[in-house]
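See below for the structure under consideration.
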Amino acid sequence: MSLDALKPRPVFSEQLEIGGWTLSDLSELPLVNLSIPLGDEAAVVTALDAAGLAWPVPGQSVGNAARGLLRMGGDNALVFGMPLEALSDALGDTAWLTDQSDTWVGLRLTGGDPRAALAYLCALDLADSAFPDGAGARTRMAHLSVILLRQSAEDWWFWAPRSSIESFIHALKDAFRLAERRKRAT
Amino acid sequence: MSGYRLDAGGQIDRNAKLSFRWDGKSLSGFEGDTLASALLANGQSLVARSFKYHRPRGIMTAGSEEPNALVTLGEGAATTPNTKATVVPLRDGLVAHSQNWRGSLKWDLMSLNDVLSPVLSAGFYYKTFMWPKSFWERLYEPAIRASAGLGALSGSVDPDSYANGFKHADLLVIGAGPAGLMAALTAGRAGLRVIVADEDTRLGGRLNAETLEIAGAPGHQWATEAAAELAALPNVTVMPQSTVFGVYDGGQYGILERGTAQVRATFWRVRARHAVLASGATERPIAFPGNDRPGVMMAGAVRTYLNRFAVATGQQVALFGNNDSLARTARDLRAAGVDVVVELDSRAGASVIGTNGRQGLRQIMTGDGTWREADCLAISGGWSPNVHLMCHHRGRPVWREDIAAFVPGPDLPPGMLCAGAVTGAGSLSAALREGAAAAVKVAEAHGTTARTEVPQAEDEPTAIAAFWHVSGAKGRAFVDFQHDVTTKDIIQAKTEGFEAVEHLKRYTTLGMATDQGKSSNVLGLALMAEARGVPIADAGTTIFRPPYTPVPIGAFAGPHRGPQFRPVRRTPSEPWAKEQGAVFIEAGQWMRAQYFPRAGEQSWQETVAREVTTTRSSVGVCDVSTLGKIEVQGRDAAAYLNFVYCNGFAKLAVGRTRYGLMLREDGFAYDDGTCARLSEHHYIVTTTTAKAGEVYRHMEFVRQCLCPEMDVHLISTTDGWAQYSVAGPQSRSLLSRLIDEDISDTAYPYMACGAVTVCGTAGRLFRISFSGELAYEVAVPARYGDALIRALMAEAQSFDGTAYGTEALGVMRVEKGHPAGAELNGQTTAADLGLGRMVSSKKDSIGAVASRRPALLAEDRAQLVGLVPEDKSKSLRAGAHLLATDAAAEMGQDQGWISSAVHSPTLGHDIALAFLKGGANRAGDRIRAWDGLRGRDILVDVVSPHFYDPEGARLRT
């Protein structure tokens, strides 16, 4: 095979300023779905522990901005920051893994507390008491299935479906425009 | 007093003068006015025409219960009809028009209806216009609709913007009158997350309209201070101009917020564990002849305009009512220097039996037959608590004779408490106490303690003696002012047997107008109860449903309109396809390339024919990334798939793919696709594009609910892979240039699958075919999809290959006889599709048993066949009905339908897939394809649905 190697084409390559917020690309952060084989949770937790990752309660994450795990359900989690091969090496055959890096587009929103804007998009209660630092969920935003992770009150991550990322970013911009108008009006 | 505006008082900013236009006339008002108060201040007594009789009408109330003063706001595309002038905050430049007239507001030609009123009583159109029958739809109904009705939309696209969103609270306080404010303050001070919503621009409710005092200061001043304290609490959200219009399951409330931040309306879905319903009460009228004349107003509204807006509603005001509020009205009017000409208290036997004045009140006739000069008559028939929201979960209000009103019953929506006038608490002091008490209970439920600090307030007299109508007087007495329902209509309904409240409502349309009978319902019920000779409690109430006040459809849609109506899904090859000038088509949410026109091609048919011919003779490439991709992993994945699919999957070897058919539980065909086994415990299921999400949900249901004992895990990777079909005799040669591995027929036989390296990138290759040609589907992670389509098409050039779109894809699958969405329509079985033998009898699978029901195996079921026109120059169309050649075109003769029809460039004529009764055994029959919609009727011959290479030799080469 003598053809040129395929080059990736990012769907969201640049940083975007929305109001006072910055939307940046997290696409380079690998994303892997981890499912626990029926009845084998202990083995997976032990293996994760050895890999430096804990097994939090559902809806909570562990780790940091470079590498972490968000538990999505009883037997399911998203691991970010570890490529499939690396995670597979670390966990051996203990868990079922699926690469999700290209299924979702990761976006990071920083620059302030965006919750007034997110209220136009997200049905979840994002108050500190209900959705503290490290909380995450898969939810519906602007008719799209989106994974939401709060790293801090001023650092929110989204994973939105790759095929409809354009619609999601449009919806985000709309929401921030509405929030900004409301802020000015009050 | 300047005109009707008082020289002092009111909660208006006299330094902020606002100009507005009313029916083309320039008028002015002040900041703090509503359109209604500004119109009254300018002496505009006549503001509307009634719905049915086009009678002159004036402003009657000061709130959202207003039945009369419906106006049209704005001009051009932004025209908003049917807006209550009483709830429109006045702003500079506001343009408003009266509506529902022909000619002018003063000289409405349609007021002829009023002359004809004796024949236009309740239910007239059920009894008249019976002959000739055909005239109903052609003449009578259009004429009635044209003469009745309200304002009209502009007919242009609404240029306003709308939004919707979500809020959460521990406590939602509905209404910010004294009870609501007290509840919000008590809960807010205790630290609860509180939302307080009120439909008015100012918090305070009746406090802004009355001269009652709290803690020694005017009530409106206390309300202003309370609003300021609430606004300063970080745990409290204050929502003025926000109507809670519906109570839904799970503590969800619908709120319509009007006119904030350049958005016309925002629909908020609020989740709250508790709610305090402090929605107050609505004053109701008394039925007496001429009670709809402009100038006849509710006494509470007269006080509102006087005390809040500094507007006298007349120079000579008469009073008529059945309760203690009359005295308060008289006191307030006199204090403002307005002449109170007479106080008529029904408890003392006084009444009004007639009114006079062509387009506005000039005189009233008292019960003793005396005419008295008056340009405003303030009436009060008591107060009806606004129980609507407590009824949205089917709770019923209960009748309280002592206050002559329905109050909330015991069945409240979960988490709701009631406080203030809505419970029948008539006095200010009681409202404050109830508001605080409700908040204390809510705080307790949230595990905290709230302190009760109720300020001192008046316990004003609130005695009432029910009095519904003046009997014995001549003339029409209106009950429902917006729908022109009179006391006579109610008696007529009773006489004709429509006694039940639900019948009364529908027969007379009582309470069915845009005000939903807020002021008229109880009066109508009382009249019916009296006519029937039963207590009001036995007459019952109709059911209150959302919305409490009208909600613009735009608010529900929010920003999801036009191009943003729904999310758009884009394929990895789209940028490249656009560069090629591809024509796109919506397929569900996806934008897919439909065909790729080239210079010189005259029609899309020519383009599609070229794409098909090139693919069948050389090679074609099509983006099939939109097909659903579900990865299945687990120790029991094989057993699970064997249960999900009707055909066998237990023995599918690693590295092999199989066509699979899923059935629904009822035995009908559900979806089809392929399933590839990548490793011992790892499969990839593909679904049709349209059903990707639905099939995933179905499989997840089966996994969690039907097979919980299995170790199996699903995850969608539809968006994660760019997948291209490479089809045609040269497909292997083309792919060999990009793929490192040996993909010869020996190494990679038909239905093989596995991991490959595509131009240095880890990918997947499936040797499967939808076109009937030697074909593959090659997949790489989606980010490489753009590069791959460019590489494929660059290499395809040397084979004179082509890209093809969904049209050519469809043509080739029909030529090959593959069922797709039109065939898998939910009404067809595997047997109908000619796939009956796929349903394995050696195992259990979803739908297998049900698929063997005798009716589903009947030989005369509509079964898949192929059709060709007898005259090959004729074209076939999907949707045509199949009939015997000599049968009449009627439903009883129907033998089936054409599901898919295309022009086959391979065969040189049209072909179709169709479902024909007993079709499996009817090859060779000649029948008719009758298409009444398009006026076509042609002879067709029944053939095998496999038009092209039925042995499948080409795809195995």
Handout entry: B:Glu606-A:Ala116 pseudo-label distance in nm [points 7 Å out on the Cα-to-Cβ vector]
Key = 5.9 nm
Handout entry: 25 °C / 0.890 mPa s Stokes-Einstein diffusion coefficient of segment B:725-775, Kirkwood radius on C-alpha pairs, µm²/s
Key = 224 µm²/s
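Longest segment of chain A with no GluC sites (Glu not before Pro) in a DSSP loop having at most 15 other Cβ atoms within 10 Å? Display every interim value, and only then the final one.
Values: sites that count: A:Glu14, A:Glu28, A:Glu154.
Value returned for the longest uninterrupted segment is A:29-153.
Given C-alpha coordinates of segment B:766-908, what is the ratio Rg to Rh with the Kirkwood estimate of Rh? Numbers along the way, then the final one.
Values: Rg = 20.0 Å, Rh = 18.8 Å.
Looking at segment B:766-908, the ratio lands at 1.06.
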Practice task
Note the per residue figure in Å³ for the convex hull of the C-alpha positions in segment B:1-118.
Solution key: 112 Å³
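Dipole of chain B, Cα-centred, from +1 at each Lys and Arg C-beta and -1 at each Asp and Glu C-beta, to the nearest 20 debye? Can you show the working numbers first?
Values: 97 positive and 100 negative charges, 112 e Å.
I would put it at about 540 debye.
Give, to the nearest whole percent, the P(r) tail of segment B:137-176 beyond 14 angstrom, counting all Cα pairs. Spell out each step's value before the answer.
Details: 581 of 780 pairs.
That tail contains 74 percent of the Cα-Cα pairs.
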Exercise for the section: Report the calculated FRET efficiency for B:Ala650 and B:Gln359 (r = Cβ-Cβ distance, R0 = 56 Å), to the nearest 0.05. Expected result: 0.05
Handout entry: Geometric extent, Cα atoms of segment A:108-163 - Rg, Dmax (angstrom)
Key = 10.5, 33
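Taking R0 as 56 Å, what's the FRET efficiency between A:Lys183 and B:Ala755 from their Cβ-Cβ distance, rounded to 0.05?
Computed FRET efficiency for A:Lys183 and B:Ala755: 0.60.
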Exercise for the section: Please report, to one decimal in angstroms, the Kirkwood hydrodynamic radius of segment B:341-473 built from all distinct Cα-Cα pairs. Expected result: 18.1 Å
Fill in the blank from the handout: Sorting B:Gln482, B:Ile536, B:Pro546 by the position of each Cα along the dipole of segment B:480-561 (Lys, Arg +1; Asp, Glu -1; all at Cβ), the one nearest the positive end of that ordering is B:Pro546
Exercise for the section: Let me see the pair-distance distribution of chain B: every alpha carbon pair, 20 Å bin width, integer percents in order. Expected result: 12, 32, 24, 24, 7, 0
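Can you run the Rg to Rh ratio on segment B:454-523? Use alpha carbon positions and the Kirkwood inverse-distance Rh. Spell out each step's value before the answer.
On the way: Rg = 16.1 Å, Rh = 14.0 Å.
Using Cα coordinates only, the ratio equals 1.15.
For B:Met130 and B:Ala445, calculate 0.36 nm times their separation in residues minus their Cα-Cα distance, and state this gained length in nm to one decimal. Mind showing how you got there, number by number?
Values: separation 315, 0.36 × 315 = 113.40 nm, distance 6.13 nm.
So the extension gain works out to 107.3 nm.
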Practice task
Round to a whole angstrom and tell me the spacing of the C-alpha centers of segment B:92-118 and segment B:362-440.
Solution key: 32 Å
Handout entry: Inverse mean reciprocal Cα-Cα distance (Kirkwood Rh) of segment B:700-808, Å
Key = 15.3 Å
Handout entry: Only Lys, Arg (+1) and Asp, Glu (-1) charged, at Cβ; chain A dipole about Cα centre in debye
Key = 940 debye
Handout entry: Distance between modelled label sites at B:Ala888 and B:Arg561, nm, 7 Å Cα→Cβ extension
Key = 4.9 nm
Practice task
Starting from the Cα of B:Ser471, move 7 Å in the Cα-to-Cβ direction to define the label point; list residues of segment B:281-302 whose amide nitrogen is under 20 Å from there.
Solution key: B:285-291
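If the chain between B:Ala78 and B:Glu458 were fully stretched, how many nm would it gain, using 0.36 nm times the residue separation less the Cα-Cα distance? Each step should come with its number before you reach the end.
Values: separation 380, 0.36 × 380 = 136.80 nm, distance 4.58 nm.
Residue separation times 0.36 nm, minus the Cα-Cα distance, leaves 132.2 nm.
How big is Rg to Rh over segment A:1-144, alpha-carbon atoms, Rh as the Kirkwood inverse-mean-distance radius?
On the Cα set of segment A:1-144, Rg over Rh gives 1.01.
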Exercise for the section: Compute the separation of the alpha-carbon centres of segment B:125-167 and segment B:868-915 and state it in Å as a whole number. Expected result: 41 Å
Problem - Rounded to whole Å, sorted largest first: equivalent-ellipsoid semi-axes of segment A:84-183, Cα gyration tensor - result: 28, 16, 11
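Got the relative contact order for chain B handy, in percent, Cα pairs under 8 Å and 6 or more residues apart? Intermediate values should be presented prior to the final figure.
Numbers: 2281 pairs, mean separation 83.6, N = 957.
Relative contact order of chain B: 9 percent.
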Practice task
Please give, to one decimal in nm, the separation of the simple spin-label points placed at B:Ser736 and A:Val45, each 7 Å out from Cα toward the Cβ.
Solution key: 5.5 nm
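Where the convex hull is taken over the Cα atoms of segment B:792-857, what is its projected area averaged over directions, in nm²? Kindly include the intermediate steps, with their values, before the conclusion.
Numbers: hull surface 28.0 nm².
Spelled out: convex hull of the Cα atoms, projected over all directions, averaged, 7.0 nm².
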Problem - Range of Cα positions in the protein assembly as shown per principal axis (Å), largest first - result: 110, 79, 55
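So for each of B:367-378, B:745-756, B:783-794 I average, over its residues, the number of other beta carbons within 10 Å; can you give me the resulting order with the highest mean first? Could you put the intermediate results ahead of the total?
On the way: B:367-378: 18.9, B:745-756: 16.5, B:783-794: 22.2.
Peptide ranking by packing, descending: B:783-794, B:367-378, B:745-756.
Calculate, in whole percent, how much of the Cα-Cα pair population of segment B:65-204 lies beyond 23 Å. Intermediate values should be presented prior to the final figure.
Working: 5886 of 9730 pairs.
It works out to 60 percent of all Cα pairs.
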Practice task
Go ahead and collect, in residue order, the members of segment B:529-545 whose backbone nitrogen is under 20 Å from a label point 7 Å along the Cα-Cβ direction of B:Arg400.
Solution key: B:535-542, B:544
Handout entry: Prolate/oblate/rounded call for segment B:386-435, Cα gyration tensor, a/c under 1.5 rounded
Key = oblate
Practice task
Could you work out the mean count of beta carbons from other protein chains within 10 Å of each residue's beta carbon in B:708-721?
Solution key: 6
Problem - Test item: Cα-centred dipole of the protein assembly as shown, Lys/Arg +1 and Asp/Glu -1 on Cβ, debye - result: 2020 debye
Fill in the blank from the handout: Debye calc, one equal point scatterer per Cα of segment B:139-249, no solvent, log10 I(q)/I(0) at q = 0.13, 0.18 1/Å comes to -0.62, -0.88
Problem - Sequence-distant residues sharing a close amide H with B:Val758 (under 5 Å, placed H) - result: B:Gly763
Exercise for the section: In vacuum, with every alpha carbon of segment B:192-268 counted as one equal point scatterer, what does the Debye formula give for log10 I(q)/I(0) at q = 0.13, 0.19, 0.25 Å⁻¹? Two decimals, please. Expected result: -0.47, -0.90, -1.16
Exercise for the section: Per residue of segment B:683-696, in order, report the coupling 6.51 cos²θ - 1.76 cosθ + 1.60 (Karplus, θ = phi - 60°) as ³J(HN,Hα) in whole Hz, putting x for Gly and Pro. Expected result: 10, 10, 9, 10, 10, 5, 4, 5, 9, 4, x, 5, 5, 4
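Is there a simple number for the mean count of other chain Cβ atoms within 10 Å of the Cβ of residues in A:121-128, and what is it?
Numbers: counts 4, 2, 6, 3, 6, 2, 4, 0.
So the per-residue partner count for this stretch is 3.
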Practice task
Give me the orientation-averaged projected area of the Cα convex hull of segment B:398-462, in nm², one decimal.
Solution key: 4.9 nm²
Handout entry: Spatial separation of Cα centroids for segment B:580-650 and segment B:817-858, in angstrom
Key = 23 Å
Exercise for the section: Give A:Lys183/B:Lys167; B:Lys84/B:Lys494; B:Lys52/B:Lys505 a once-over and call out the pairs whose C-alpha atoms are over 21 Å from each other. Expected result: B:Lys84/B:Lys494
Completion exercise
Charge dipole of segment B:574-711 built from unit charges on the beta carbon (Lys, Arg +1; Asp, Glu -1), centred at mean Cα; most positive-end Cα among B:Ala599, B:Phe584, B:Phe701 is B:Ala599
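On a full-extension model of 0.36 nm per residue, what is the gain between B:Arg877 and B:Arg956, subtracting their alpha-carbon distance, rounded to one decimal in nm? Walk me through the numbers on the way to the answer.
Values: separation 79, 0.36 × 79 = 28.44 nm, distance 3.21 nm.
Between B:Arg877 and B:Arg956, full extension yields 25.2 nm more.
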Problem - For segment A:158-174, Karplus couplings with θ = phi - 60° (6.51, -1.76, 1.60), whole Hz, Gly/Pro x - result: 10, 10, 10, x, 4, 5, 10, 4, 4, 5, 5, 5, 4, 5, 4, 4, 4
Practice task
Could you please tell me the mean projected area of the C-alpha convex hull for segment B:623-758, averaged over all directions and given in square nanometres to one decimal?
Solution key: 8.6 nm²
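Could you work out the helix-only [θ] at 222 nm for the protein assembly as shown, with each DSSP H run of four or more residues adding -39,500 (n - 2.57) and the total divided by the number of residues, to the nearest 500 deg cm²/dmol? Working shown, then result.
Working: 26 runs with 238 residues, N = 1143.
When only DSSP H runs of four or more count, the value is -6000 deg cm²/dmol.
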Exercise for the section: Have a look at B:Val811, B:Thr686, B:Val352 and report the one farthest towards the positive end of the charge dipole of the protein assembly as shown, computed about the Cα centre with Cβ charges (Lys/Arg +1, Asp/Glu -1). Expected result: B:Val352
Completion exercise
Residues meeting the amide H criterion for B:Ala880 (H placed from the backbone, H to H distance under 5 Å, 5 or more places apart or on another chain) are B:Ile898
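We did not get these values from a lab; they are worked out from the coordinates using the rules stated. As the structure is a computational prediction, the values presented were derived from the model and not from experiment. Neighbour counts are summed over all protein chains in view; Cβ atoms, including those assigned to glycine, are modelled from backbone coordinates with ideal geometry.
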